[in-house]
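Heads up, the thing below is written out as structure tokens.
The values are calculated or read from the model by the stated rules, or taken from the named source; none is laboratory data. Since this is a predicted model, take the numbers as computed values, not measurements. Neighbour counts run over all protein chains shown; Cβ positions are idealised from the backbone, glycine included.
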Amino acid sequence: MIQAVILLLFLCCFSLCLVDLRKGFLVCVIIGLLQDLLRKLMPDQPVYFTVLVGAMMGATFLGALLRGVPLNFRSINAWDSTLRTPLKLFIGMVAFQCCNAYLNASSIVVPFIGLIAYLAPLPALLLAYRYAESQERVISFLQLYLLLCLLLLSGVYLSVFGMKWELLNSVGKGLTIYTSRGAVSLPSGFFRAPEVAAWHAGAAICFLIILATVTRKQAVRWGTPILIALLLGVIMFTGRRKMFMEVAMFIPLYGLFIAWFRRGSMKLAVPLAILSLVMAVAIFGDVLPEETTETISPYLERTSKLQQSGVVDRLLLMTVYSFEWVVKKNGFFGSGAGMGSQGAQHFGAGRSATGAASEGGASKVLAELGVLGLLIFGWFLSNLLVYLYRVMLFAQRLSPDRGNLIYGIMAFLMANSVVFVTASQIYGDIFVLLILGWLVGFLLAVPRMESAPLPLLRRRRQWGEGTPLPLPTELSP
């Protein structure tokens with residue numbers, strides 16, 4: 001019965017994606033968050049559910065193409081041609097390395113995994129570019145993501161405080177940590193693994209801070225610190241300490257961007273950060289009753305080791321210190337796209353083929369694409385950074401809330417890039433890749449958004465009654 005219901009749901013969502021880009025985009029968000037829960041409902045928890053969101057995005061992309069929506073880089077390159085050449089070279093390199101992976105692994109699945117890992121963000125980017133016709137659409141995306149994400153992450157607390165329910169178990173063996181109190185199983189909530197739950201908790205914290213600086217709703221501003229404290233607890237319970245690093249980098253980056261591009265206007269970023277950390281200490285420290293502290297002490301013990309782990313040392317270890325060994329293991333030209341990706345171990349590849357030193361994102365790219373591929377990848381990313389920097393300069397002319405939204409998304413992407421360098425596993429998740437691609441697409445669409453400016457009354461409220469409104473001609477690049 002449950003299989004029939006899920007199949008019917010899939011067909012309805014697939015049809016909706018084909019006929020409407022905007023609704024299809026939101027369906028992708030919903031399915032991406034619910035696919036792990038649906039997988040747990042199925043007998044044997046089939047692995048193909050992890051790419052369900054990819055099928056929805058493919059349907060949305062195909063439907064938009066059939067309706068004549070221009071899903072290409074022409075308008076993006078027309079505003080600034082920085083990305084044109086490195087993007088073409090990068091796509092060509094990935095295609096070449098997919099052939100290399102097939103020869104090395106003798107499996108068509110491995111290059112397919114590599115193709116998704118490297119190129120899935122590109123169609124996602126183009127869809128987001130067309131979806132983001134206004135700031136309101138981007139905010140709607142963030143709000144929908146946060147609503148569902150908070151509901152699903154509540155399962156982590158249910159697990160920690162004793163609820164036994166099949167839907168709260170991790171898919172497969174799960175993860176276990178060892179502390180002075182013995183072995184502790186890490187909860188995943190309604191997601192399939194603690195790693196996935198932790199990444200979404202970190203993303204939710206960043207998005208909450210962004211929305212709190214963009215919206216004028218008092219309920220959002222006052223409720224945000226409480227939710228952030230609870231989400232920090234989710235990261236602690238899942239044992240994925242690198243997500244603390246993501247949040248710790250996002251906050252100062254966001255504050256820096258606001259201060260630099262707004263010339264000293266810090267808004268609420270810093271007060272929210274301080275208040276959130278204070279509340280986290282209060283909630284998970286002495287305020288809690290003794291029996292609750294006893295319950296969470298193993299997770300606190302693991303989290304307390306974050307400062308001792310040497311973040312800078314790990315960053316160096318996962319990059320320059322490991323490059324020589326990676327090249328010796330995989331050769332100057334690399335092993336092929338997908339050879340070191342998650343899931344490839346079932347098809348004659350994986351880290352056993354590329355070496356344990358390829359755990360970091362930069363080392364993984366070097367292992368799979370080779371030295372030349374890493375250089376092209378770096379060229380593409382540096383040019384993308386230049387493009388996005390020009391978008392942030394462009395945002396100086398826009399209303400304050402729109403600028404803060406842009407700076408927040410940029411800070412989130414940069415924080416994730418550092419996490420990717422140190423640990424690339426979570427970035428093998430197709431939904432995570434799509435989210436990152438969507439966010440880049442939102443930023444690239446900023447100049448295009450100005451063809452649909454904010455309503456007059458809202459613009460006056462944001463800029464101030466006595467401030468002259470910028471004319472559309474002043475907003476052109």
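For this structure, a couple of remarks:
- Residue within the stretch 107-123 that is within 22 Å of residue 27 (Cβ to Cβ), of a type outside the set (A, V, I, L, M), touching a Leu at 6+ places or on another chain (Cβ under 6 Å) and not assigned by TED's automatic domain parsing to the domain that holds residue 337 present: no
- Residue within the stretch 205-224 that is at positive phi and modelled with pLDDT under 85 present: no
- Hits in the stretch 160-176 (condition: surrounded by 15 or more Cβ atoms within 10 Å (Cβ to Cβ) and in contact (Cβ under 8 Å) with a residue 60 or more places away in the chain): 160, 169, 171, 175
- Subset of the stretch 102-151 that is of a type in the set (A, V, I, L, M, F, W, C) and not in a helix (DSSP H, G or I) - its residue that is surrounded by the most Cβ atoms within 10 Å (Cβ to Cβ): 132
- Check on residue 157, of a type outside the set (A, V, I, L, M), under 25 Å from residue 47 (Cα atoms) and either part of a helix (DSSP H, G or I) or over 22 Å from the mean Cα position of the chain (by Cα) (or both): no
- Some residue of the stretch 92-111 being modelled with pLDDT of 90 or more, closer than 30 Å to residue 136 by Cα and not β-branched (Val, Ile, Thr): no
- Pair list, Cβ under 7 Å, 6 or more apart: the stretch 382-396 residue closer than 17 Å to residue 84 by Cβ and touching a residue at least 24 places away in the same chain (Cβ under 8 Å), other residue of a type in the set (Gly, Ala, Ser) and surrounded by fewer than 18 Cβ atoms within 10 Å (Cβ to Cβ): none
- Those residues of the stretch 81-90 which are in contact with a helix residue (DSSP H, G or I) (Cβ under 7 Å, 6 or more places away or on another chain) and surrounded by fewer than 18 Cβ atoms within 10 Å (Cβ to Cβ), in sequence order: 84, 89
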